[in-house]
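Reading through the structure tokens given below for one structure.
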Amino acid sequence: MAMLRPALAALATALLLLMLTPSTTPYSPHNPGPDGLSKFAAMCTLADQADVFVLAPGAGLPQYNVSASRTPIVDPFINNGNPRAPIANARGRPAVAPNATPLTGPGTPIVYTSPGSFAGTTRGPFPLALAVKTGNKTIYIYHAALFSNRAIDKNLQLAKEVCRLPVKVVVADPDPAHLLHEHLDDARPWAAPAVLTAISLYLAIKRTA
């Protein structure tokens, strides 16, 4: 018991510190930095079961054969003051997409960059959102750059429209803070009983020490 108490205390401290540490994963809902999606996440209902997906560069949805490239889009003509911040056509409305990369895969483009844009040696336009028909329903897939903290104020109307339905955010190479927060979100329905159980166990160990 004497050895168990310090181990439990160290584990609890480590988890608490990790819980209080924001994610630095690009486009994570738990990243409050310019490239995070924390503002977008506060507007939306995030869920694993969703028909709307938001993909970060390098992430993909194999079940729909859609992925987000890691090659940045550059638009020297139609941009938000920076060639790497292209302005896309979102159903006739402009949408800024700083550091966006092309979405690749089947589907109908519903947000796309100008013909003057390019990614590597490939010319645009490039899709930043796709409507993908699967069975008797349509899946909507958006590039995360449209909803980053640095872009969301300019794309607020688009974000509100997207958030009318539950959304699943898919990132590449998540850091430990992102993974922990994702698990905490999944565990929220039974988090309170688990905390009470842990406290009771700790007190029981302390009494018998």
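Working only with C-alpha atoms, what are the Rg and Dmax values of the stretch 22-84, expressed in angstrom?
Radius of gyration, then largest Cα-Cα span, for the stretch 22-84: 13.9, 39 Å.
For labels at Met43 and Asn136 in the simple 7 Å Cα→Cβ model, what's the distance in nm?
Taking the two extended label points, one gets 3.2 nm.
When the scattering of the stretch 80-124 is computed by the Debye formula from its Cα atoms alone, each counted once and equally, what is log10 I(q)/I(0) at q = 0.23, 0.27, 0.31 Å⁻¹?
Each listed q maps to, in turn, -0.85, -1.14, -1.35.
Counting just the Cα atoms, what span does the stretch 11-128 cover along each of its three principal axes? Round to the nearest Å and put the largest first.
53, 34, 27 Å, listed from the longest principal axis down.
Dividing the alpha-carbon radius of gyration of the stretch 97-181 by 2.2 N^0.38 Å (N being the number of residues), what value is obtained?
The stretch 97-181 yields a ratio of 1.20.
All of the numbers you see were taken from the coordinates with simple rules; none came from a lab. Since we're looking at a predicted model, the values are computed, not measured. Positions of Cβ are generated from backbone atoms using ideal geometry, with glycine treated the same way; all protein chains shown enter the neighbour counts.
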